[in-house]
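Participant: Encoded as structure tokens, here's the structure I'll be asking about.
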Amino acid sequence: MTTDINDILNLFRDFVSTRDYQNNPILTVYVDIDSTNPENQRVNPAWQIELKNELKRFESEELDPQEMKRLSAQKIISNTEQMIMDRLQNQKPTGRSVALFTDFKDLVAIDLPVPMKTRVYYGLPQIKHLLFALDQYKKYLAILFSGSEVRIVEVFLTRATNEIQLSTEHELARRFGRKSKTLAFDRRDQEYEQRFIKEMASEINQYFLESLEAERIVFGGNHQQAAQIRSALHPNVRDLVVAIEPMDFKLPERDIAEIVKPIAYAYEQDHDVAVVENLLYQYNKNGPAVIEKQGVEIALQQGKVKTLVLPYPVDTAEFDSLIVDVVLSGAEVEFVYGEGADKLKQFGGIGAELYYFGS
């Protein structure tokens, strides 16, 4: 599944930016509606039972008992819950979970590519859970070469759940298929190998330089071919190739995913540490970076925040309002884990990369 993060965040921005969310509570609902779960395929699916139970908990724990004695308040809650159920039942979700935001009048539902625990929140929009779901969903493209053949396997990793998903439906596979028909297949032709390398590098360059979706690449198959193709790539695309692994061209997809998995986790861990270390370096050199909440708030007011950096999990509601403001400003949010998260927590647990406007 391809997830356009910009589209998802734009849906959220369009809805929340037109509501006075700081003074009027928003109901945030996450529902694990994963159709691959057999319990969600029953006549009375598990997601429906879980959601009803969670809505009951919300009513008993978060609403004012005196207010709920009024028939008008009861009607608003009842109508809102029915609106949520109708949306989930009548418009089949395309993701594995759904995030819904409502001001008790209107509603926006956002399909997410990863399963999330069914949960209801009341007050400020709980965007951090959605952001984390998107941030943890990493796509790695395994591209294997063998003579005149190219094989592509998409490996989707969710770091929090240690889960792997596979797909072979990728635009590059179709491009390679078309391109291979234009190449000479006389293996005695001494120029064939260089033509193949040039064509493959060109296709990879074109796709990734045009695509807005960030992906990591792992090459495999014929190691010599893979190394030559990597060298022929545009520098910006070459940086996406995180490893060349000795994967047999005919390996089953699941075996390819198991090889990619530790490479991906190690790379993401190193990436997170590098993000935090660069943030701290820039801050200490009076560069385009701030740390701690006050510094981020001032930079946000000045329109300077490019990327908000947070550790995960975010253990406090202290940053909820700030996170929403950052998202509405159009800035990005990046979560860091493990060693990177521990290091950031030593410096206030929050930081931001700023736009560099020069002097």
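The values are calculated or read from the model by the stated rules, or taken from the named source; none is laboratory data. The shown structure was predicted, so the numbers you read here are calculated from the model rather than taken from an experiment. Note: ideal-geometry Cβ built from the backbone for every residue, glycine included; neighbour counts use all protein chains shown. Ligands, DNA and RNA are excluded from the accessible area calculation, which covers all protein heavy atoms including side chains. Shrake-Rupley method; radii C 1.70, N 1.55, O 1.52, S 1.80 Å.
Participant: For the chain, state the average projected area of the convex hull of the C-alpha atoms over all orientations, rounded to one decimal in nm².
Facilitator: 21.9
Participant: For the stretch 91-131 and the stretch 321-359, what is the centre-to-centre distance using only Cα atoms, to the nearest Å?
Facilitator: If we compute the Cα centre of each part, the gap is 23 Å.
Participant: Heavy-atom accessible area per residue, the chain, 1.4 Å probe: how many Å²?
Facilitator: Per-residue value: 51 Å².
Participant: With θ taken as phi - 60° and the coefficients 6.51, -1.76 and 1.60, list the Karplus ³J(HN,Hα) couplings across the stretch 127-143 in order, rounded to whole Hz; mark glycine and proline as x.
Facilitator: 6, 4, 5, 5, 4, 5, 4, 6, 5, 7, 8, 9, 9, 10, 9, 8, 10
Participant: Just need the relative contact order of the chain here, percent rounded to a whole number, with Cα pairs under 8 Å and 6+ apart.
Facilitator: Relative contact order here is 15 percent.
Participant: Multiply the residue gap between N6 and Q269 by 0.36 nm, knock off their C-alpha separation, and tell me the result in nm, one decimal place.
Facilitator: Roughly 92.3 nm would be gained on extension.
Participant: Additional query: Using 0.36 nm times the number of residues separating I298 and R19, minus their current alpha carbon distance, what extension gain do you get?
Facilitator: Gain in length upon complete extension: 98.1 nm.
Participant: Also, I was wondering about something else. Got a number for carbon plus sulfur as a percent of the chain's accessible area, 1.4 Å probe?
Facilitator: 46
Participant: Report the charge-dipole magnitude of the chain in Debye, nearest 20, computed about the Cα centre from +1 at each Lys and Arg Cβ and -1 at each Asp and Glu Cβ. Each step should come with its number before you reach the end.
Facilitator: Values: 41 positive and 55 negative charges, 116 e Å.
It works out to roughly 560 debye.
Participant: Moving to a separate point now. Which one, I244, H223, L209, is farthest towards the positive end of the dipole of the stretch 200-283 when Lys and Arg carry +1 and Asp and Glu -1 on their Cβ?
Facilitator: Farthest along the dipole direction, towards plus: H223.
Participant: Eigenvalues of the Cα gyration tensor times 5, then square-rooted: what semi-axes does that give for the stretch 291-354, in whole angstrom, largest first?
Facilitator: Square roots of five times the eigenvalues give 18, 11, 11 Å.
Participant: Further, regarding this structure: Over all distinct alpha-carbon pairs, what is the Kirkwood Rh of the stretch 211-336 in angstrom?
Facilitator: Hydrodynamic radius (Kirkwood, Cα only) of the stretch 211-336 equals 17.5 Å.
Participant: For the chain, what does -39500 (n - 2.57) per DSSP helix run (n ≥ 4), summed and divided by total residues, give at 222 nm, in deg cm²/dmol to the nearest 500? Don't jump to the answer; show the numbers that get you there.
Facilitator: Numbers: 12 runs with 161 residues, N = 359.
Mean residue ellipticity at 222 nm (helix-derived): -14500 deg cm²/dmol.
Participant: Here's a follow-up. Given a Förster distance of 56 Å, report the FRET efficiency between V108 and S146 from their Cβ-Cβ distance, rounded to the nearest 0.05.
Facilitator: 0.75
Participant: What FRET efficiency, computed as 1/(1 + (r/R0)^6) with R0 = 22 Å and r the Cβ-Cβ distance, is obtained for M83 and R42, rounded to the nearest 0.05?
Facilitator: FRET efficiency, M83 to R42: 0.40.
Participant: Next up: Extension gain F249-Q74, at 0.36 nm per residue separation less the Cα-Cα distance, in nm? Before the final figure, lay out the partial values.
Facilitator: Numbers: separation 175, 0.36 × 175 = 63.00 nm, distance 6.16 nm.
My answer for the length gained is 56.8 nm.
Participant: So if I place +1 on the C-beta of Lys and Arg and -1 on the C-beta of Asp and Glu, and nothing else carries charge, what would the dipole magnitude of the stretch 35-142 be about its Cα centre? I want it in debye, nearest 20.
Facilitator: I would put it at about 280 debye.
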